[in-house]
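Let me begin by presenting the structure, written as structure tokens, before commenting on it.
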Amino acid sequence: MKNAWGEIQFYGPKLSTYEEGVLMAILALLDTTEQHNGTGAYTYKGPFYPLLRLLKGSKPNKSEYKRVYRALKPLSVSGFNLVLFRDNKVYTERLSNILTYAEWNNETRELTITLNPYFHAIYVNGNFTLIDIEQRMRLKSPVAKALHRFILSHRDNVWQGHFLTLAASLNL
């Protein structure tokens, strides 16, 4: 995405709408728990269930535990490059990953997820679109979830443009 203030470039494997949903659930979970681990990074440490409840409602099945953990793998190698412009010239460039650390301890039944502190700071400051996770999870279709993400990334939830731009953003 590029505009007058700069551009943001995603790097890493292409994320599915499910993996995006896991990231949004992690962000929502951290918003409610605000667990700061003393290093500037935000960490969720606790049972798997609160994360699964955000993703699948009150009765997730057992296979969802493995599916969520598998979704953490591409998130741990994904990131973004934020390029900021001043007077039509690049004045700063920031490279960051999204997840710093994830662990499932089967013995203690504890999940630990640490977000990159810079990514979390940008998210908290509102530089990324805040998407209502509960509203998004009610959507069943991956296309509907991608459309939801696309529309909410625009000011006043309104977009006008060529249909091919929309199709490309929905991976169609």
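The values are calculated or read from the model by the stated rules, or taken from the named source; none is laboratory data. Since the model is a prediction, treat every value here as computed from it, not as a measurement. Cβ: placed from backbone, ideal geometry, glycine included. Neighbour counts: every protein chain shown. Quick note on the areas: whole protein, heavy atoms, side chains included, nothing else; ligands and nucleic acids left out. Shrake-Rupley method; radii C 1.70, N 1.55, O 1.52, S 1.80 Å.
Please work out which residue is most open to solvent (accessible area, probe 1.4 Å), limiting yourself to the stretch 31-55 and to residues that are aliphatic (A, V, I, L, M) and either under 22 Å from Leu139 (Cβ atoms) or at pLDDT 85 or above (or both).
Once the filter is applied, the top-ranked residue is Leu54.
Go through the stretch 62-103 and report how many residues are of a type in the set (Ser, Thr, Tyr) and more than 14 Å from the chain's Cα centre (by Cα).
6
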